[in-house]
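The values are calculated or read from the model by the stated rules, or taken from the named source; none is laboratory data. Here the structure is a predicted model, which is why all the values come from computation and not from measurement. Note that each Cβ is placed from the backbone with ideal geometry, even for glycine, and that neighbours are counted across all protein chains shown. Accessible surface is based on the protein model in full, side chains and every heavy atom, while ligands, DNA and RNA are left aside. Shrake-Rupley method; radii C 1.70, N 1.55, O 1.52, S 1.80 Å.
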Amino acid sequence: MENHSQNGTEALLKVSTLNCIDLSNPDIHQSVSLLKQACLDCGFFCVINHGISQEFMDEVFAQSKNLFHLPLNEKMKLLRNEKHRGYTPVLDELLDPDNQVHGDYKEGYYIGVEVPEDDPDAEKPFYGPNVWPEDGVVPGWRQTMEKFHHEALEVAKAVARVIALALDLEVDFFDKPEMLGKPIATLRLLHYEGQVSDPSKGIYGAGAHSDYGLITLLATDDVMGLQICRDKDAKPQIWEYVAPIKGAFIVNLGDMLERWSNCIFKSTLHRVLGNGQERYSIAYFVEPSHDCLVECLPTCKSEDNPPKFPPIRCATYLSQRYKDTHAELSVYNNHQT
C-alpha cells in the first residue's frame, strides 16, 4: 500500500493550477509556449474556446446520466465486447493492482470509431460497430454521442497541432493519414456512484495510472475528484487535486506521446478519489491509426540522447495495455440479464 506520511496527507488538500490554452487565440506562439511549459511541468493543461458549445456539453452529460440511471440488468445487455465497445460495470477495471484491493468504483461506457461489420477495417482490434442502446430505451442517445465523438476529434486535432509545434515539428505532423487521419478515438462516459475512497485501504474511484495513447480530453461535472502526481518516482508520492473548470477540457498526455517524444514530454500519473458525491465525467482518448509505428521523433533524439524505446505499432501497444487492466469477459457469463 502507499506510504502515507503527514506530508502525503497535506498534499491531498492541495489544488493544482493548470496552464490554460485558448484555441481561439491568434497568437499561436503564446499557445505553444504555454503548452510546452505545461507538458514539461506536469503533463496536464486545459483548453478553452474549443468550439463545442456549453449547451451541447450539457446535453451530452444529461444523456450520459440517462444511460447510467438505467437498471443494471438493462445496462448489462450492453456489456462491452472484445472490441471494448459498450458498458463496463463497477470494479471491471483495475488500474493500479499494487495499491488497489478491488477494481475501480466507477462504471463506464465505451464508444469508438463506428465501422460497419462488413468493412475490412472492422477486423482490426479497436474498430468495428459500436454497442448502442435501443432508441426507445434512451431516446436520441446515439445521435448525441456520435455528434460529440466527431466534434471532440476536431478539438483533439487542434490540440495536436499545438503539440507538434511545441516539439519543433511541422504543424500538420499528427494530421497524417496514419496518425490522426484515421485514428483510434474512444469516447468514454464515466459515472462514480458515490463511494468514499480510502487510499489507506486500497479503495479508489479510479486507481493511479497514466493514459495509454497520444492525448486525452476530459470534461467533468463540478464535483472534485481528479488528482495528479507530478513526480511518479517521488517517495511518498505527492497528490494534488485538479479543480473542475466549467466549459473547458482538461487535457493530459499519454504514454504513447512520452515514447514518441523520448520522454521530453511525460505522461502523468492521475487517479480519482470519491468523496461520497456522485460524479460524472467524459473522457475522449485519442490515439493514432492501428498501423502507425510509434518511434522516436526526429526532433527528440541526438547523439547525447538516443531513443529510449524500440519502435512499436499502435494497435500492438494498446491491445496489451487494455488486456492488463480489464477483467476477462468470461467473469460476466453467469450474470442474469
> Looking at (1) at pLDDT below 85; (2) open to solvent by less than 10 Å² (accessible area, probe 1.4 Å), which is the only condition Cys46 fails?
Replying inline: (1)
>> Can you tell me how many residues within the stretch 71-109 are within 21 Å of Pro133 (Cβ to Cβ), touching a helix residue (DSSP H, G or I) at 6+ places or on another chain (Cβ under 8 Å) and assigned to a loop (DSSP other than H, G, I, E, B)?
In response: 5
> Which residues, taken from the stretch 131-157, are free of Cβ contacts under 8 Å to residues at least 60 places away in the same chain and over 30 Å from Phe45 (Cα atoms)?
Replying inline: Val131, Trp132, Glu134, Asp135, Gly136, Pro139
>> Looking only at the stretch 262-315, count every residue that is outside any loop (DSSP other than H, G, I, E, B), β-branched (Val, Ile, Thr) and crowded, with 19+ Cβ neighbours inside 10 Å and tell me the total.
In response: 4
> Looking at the stretch 171-209, which of its residues are in contact with a His (Cβ under 9 Å, 6 or more places away or on another chain), of a type in the set (Gly, Ala, Ser), more than 27 Å from Gln54 (Cβ to Cβ) and surrounded by 21 or more Cβ atoms within 10 Å (Cβ to Cβ)?
Replying inline: Ala208
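Residue by residue, here is whether (1) closer than 23 Å to Phe56 by Cβ; (2) surrounded by 16 or more Cβ atoms within 10 Å (Cβ to Cβ) holds:
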| residue | (1), (2) |
| --- | --- |
| Lys83 | no, yes |
| Glu93 | no, yes |
| Lys106 | no, yes |
| Pro133 | yes, yes |
| Val138 | yes, yes |
| Gln143 | yes, no |
| Lys147 | yes, no |
| Leu165 | no, yes |
> Among the residues of the stretch 101-132, which ones are modelled with pLDDT under 90 and more than 26 Å from Glu154 (Cα to Cα)?
Replying inline: Val101, His102, Gly103, Asp118
